[in-house]
Amino acid sequence: MTPPPLVVIAATLVVLLGLATMLTWVERRLLGLWQDRYGPNRVGPGGLFQAVADGIKILFKQDWIPPFADRPVFVLAPAIGMMTVLLAFGVIPVTALWSIAGDLNVGLLFVFATMGLGVYSVVLAGWASNSKYALLGGMRAAAQMISYEVFMGLSTLGVVMTTGSFSLRDIVQVQAGLWFVIPQCLGFVVFLLAGIAETHRLPFDLPEGENELGAGFHTEYSGMKFGMFFLSEYAGIVLVSALVTTLYLGGWQGPVLPPALWFAAKTGALVCLFILLRAALPRPRYDQLMALGWKILLPLSLLNIVATGAVLLLRAPG
């Protein structure tokens with residue numbers, strides 16, 4: 001039985017916003033464990049209420065808009081970032097019956113379209129701040145996101161060619177016998193690296209992490225507007241992890257456990273990988289990041305497309 005659409009929408013929003021908030025606690029606890037030190041452990045059992053305390057604190061912080069900023073665009077930029085991430089979740093099939101938009105036949109294209117709109121958030125934030133540091137951070141973020149969206153899209157073509165559909169539900173169902181992470185291992189690696197760069201996560205957090213830029217495109221933001229950038233980043237981690245699960249790890253499919261639990265377990269494992277990479281890898285220079293994309297990931301993506309096409313031609317009857 002398919003749940004009512006309003007129930008699906010409300011439950012998805014509550015879970016996503018709750019996850020984005022709780023991931024701040026999960027990240028600090030995991031990093032503490034990884035680095036053999038204490039994470040948050042004072043507020044609530046195991047520091048669990050630290051995320052709640054942080055949320056309350058940011059709600060009551062002064063929501064200051066610089067007098068030199070372009071006020072309407074300054075306010076709009078973080079809302080665009082949050083909106084694009086939440087829209088992309090509309091076509092992610094958690095189970096065969098649980099998806100906001102149902103079985104959209106161009107689901108993968110819709111995800112890439114909404115993720116592409118996220119570039120406007122960082123560019124407008126940098127521009128509207130009327131600050132040299134924020135503008136440079138916005139330009140770097142835009143170049144990084146646009147570049148790695150190219151490789152992200154190309155890396156999924158092998159999956160689309162094999163499935164013969166852009167429907168995410170069809171892609172999951174085709175993996176009933178064999179997950180695409182094995183035949184499409186090259187595309188999987190490229191997609192994962194592109195996803196890390198797309199969400200500005202370490203070690204690819206250069207738009208915010210360079211010392212000369214302060215905090216990058218959101219340097220001038222405070223209060224809940226900064227919180228929206230913060231939450232959209234964590235929601236983006238969940239989105240990319242859910243996409244990797246759907247495209248390469250068989251989605252909700254698995255033995256014994258209910259489909260929703262399989263989807264949550266795979267997505268959760270990938271989220272933990274995103275977090276632990278922060279403690280494991282050094283940050284490259286910006287030129288090295290762009291060179292990795294255009295000189296290594298682009299040829300690998302094209303090689304994966306050619307190899308997939310050759311295999312499909314050899315398997316084609318007569």
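Note down the net charge around Thr156, summing +1 for each Lys or Arg and -1 for each Asp or Glu among other residues with Cβ under 14 Å from its Cβ.
Working: positive: none; negative: Glu149, Asp170, Glu198.
Neighbour charge sum, excluding Thr156 itself: -3.
In segment 69-113, whose amide N lies under 19 Å from the spot 7 Å out along Cα-to-Cβ of Leu6? List them in ranges.
Taking a point 7 Å out along Cα→Cβ of Leu6, the residues of segment 69-113 whose backbone N falls under 19 Å are 99-102.
Hey, with R₀ at 30 Å, roughly what FRET efficiency would Arg283 and Ala113 work out to, going by the Cβ-Cβ distance, to 0.05?
On the way: r = 30 Å, r/R0 = 0.99.
Result of the calculation: an efficiency of 0.50.
Could you work out, for segment 97-153, what percent of all Cα-Cα pairs fall into each 5 Å distance bin, beginning at 0 Å and stopping at the bin that holds the largest distance?
Using 5 Å bins, I get a P(r) of 4, 18, 21, 17, 13, 11, 8, 5, 2, 0 for segment 97-153.
Just the number, please: carbon plus sulfur as a percent of the accessible area of the chain, 1.4 Å probe, no ligands or DNA/RNA counted.
Values: 10970 of 15240 Å².
Exposed carbon and sulfur together represent 72 percent of the surface.
How far apart, in nanometres, would the label points at Asn41 and Met139 be if each is projected 7 angstrom from Cα along the Cα-to-Cβ direction?
The answer from the label model is 4.6 nm.
Please report how far the C-alpha centroid of segment 107-128 lies from that of segment 1-73, rounded to the nearest whole angstrom.
Segment 107-128 and segment 1-73 have Cα centres spaced 22 Å from each other.
Starting with the highest mean, order 57-65, 285-293 by the number of other Cβ atoms within 10 Å, averaged over the residues of each peptide.
Values: 57-65: 12.4, 285-293: 14.9.
Ranking the peptides 57-65, 285-293 by packing returns 285-293, 57-65.
log₁₀ I(q)/I(0) of the chain at q = 0.08, 0.13 Å⁻¹, via Debye over equal Cα point scatterers, no solvent, to two decimals?
At q = 0.08, 0.13 Å⁻¹ the computed log10 ratios are -0.38, -1.01.
Express in nm, to one decimal, how much length is gained between Asn105 and Ser222 on full extension, taking 0.36 nm for each residue of separation and deducting their alpha carbon distance. Before the final figure, lay out each step's value.
Values: separation 117, 0.36 × 117 = 42.12 nm, distance 4.01 nm.
Stretched fully, the Asn105-Ser222 segment lengthens by 38.1 nm.
Taking N as the number of residues in segment 140-237, what is its Cα Rg relative to 2.2 N^0.38 Å?
Numbers: Rg = 16.8 Å, N = 98, 2.2 N^0.38 = 12.6 Å.
Rg over 2.2 N^0.38 Å, computed on Cα atoms: 1.34.
Lys and Arg at +1, Asp and Glu at -1: add these up for the other residues within a Cβ distance under 14 Å of Trp64 and post the number.
Details: positive: Lys61, Arg71, Lys225; negative: Asp63, Glu220.
My count for the surroundings of Trp64 gives +1.
Regarding segment 185-306, what whole-number volume in Å³ per residue does the convex hull of its Cα atoms give?
Working: hull volume 14.6 nm³, N = 122.
Convex hull volume per residue, Cα atoms: 120 Å³.
For segment 142-237, what is the accessible area per residue in Å² when the probe is 1.4 Å? Display every interim value, and only then the final one.
On the way: 3060 Å² over 96 residues.
Heavy-atom accessible area per residue stands at 32 Å².
Label-point separation (nm) for Phe49 and Ala307, each offset 7 Å from Cα along Cα-to-Cβ?
Modelled inter-label distance: 5.2 nm.
The values are calculated or read from the model by the stated rules, or taken from the named source; none is laboratory data. Because the structure is a prediction, the values reported are computed rather than measured. For neighbour counting, all protein chains shown are included, and Cβ atoms are generated from backbone atoms with ideal geometry for every residue, glycine included. Surface accessibility is based on the protein's heavy atoms, side chains included, excluding ligands, DNA and RNA. Shrake-Rupley method; radii C 1.70, N 1.55, O 1.52, S 1.80 Å.
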